[in-house]
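Asks: Questions regarding the structure given below will be posed in turn.
Quick note: the coordinates plus some simple rules give every number you see, no bench work behind them. Please read these numbers as outputs of a predicted model, since none were measured by experiment. Positions of Cβ are generated from backbone atoms using ideal geometry, with glycine treated the same way; all protein chains shown enter the neighbour counts.
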Amino acid sequence: MISKHNAEHYTWGDNCDGWRLVNNEEKSIIHEKMPPGASEARHYHNKSSQFFFILSGVMNIEINGAEFTIGQHEGIEVLPLQAHQVFNKTEHDIEFLVISQPTTQNDRVPL
């Protein structure tokens, strides 16, 4: 059994947390937490397709110049080669799953 309480933990971006729930070459499932005002660097992936699913809070995500607001229990897919960036524009933490296939390790291209 795996949870954020026993999974590999790492920090990224502006005081964001991540827990690797599944981590192999075929796919990656990460539980992430982003504090208010935080964002990630804009980037894309050559091979990986990602699905972001919101567990709590509200996420803003920009994909190829279009911005989307995703609420609790909603999700959005980002396809390979689509430039994207996640923001927390709220006053509350957001928690979400990032499901990537194949893994995004060594497949992140900064912009």
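Asks: By average Cβ neighbour count within 10 Å, what is the ranking of 23-36, 60-73 from highest down?
Replies: Put in order of decreasing packing, that is 23-36, 60-73.
Asks: Taking a cut-off of 17 Å between Cα atoms, list the aspartates and glutamates near Lys4, but don't count ones fewer than 8 places away on the same chain.
Replies: Asp17, Glu32, Asp93, Glu95
Asks: Which residues in the range 4-45 place their backbone N less than 13 Å from a point set 7 Å from the Cα of Asp107 along the Cα-to-Cβ direction?
Replies: 23-29, 44-45
Asks: How long is the gain from Gln72 to Tyr10 if the chain were fully straight, where each residue apart is worth 0.36 nm and the alpha carbon distance is subtracted?
Replies: My answer for the length gained is 20.0 nm.
Asks: At 0.36 nm per residue, and after removing the present C-alpha to C-alpha distance, how many nm does the segment from Val58 to Asn46 gain when stretched out fully?
Replies: 1.6 nm
Asks: What's the FRET efficiency of His92 with Glu25 using the Cβ-Cβ distance as r and R₀ = 35 Å, to the nearest 0.05?
Replies: Efficiency, rounded to the nearest 0.05: 0.50.
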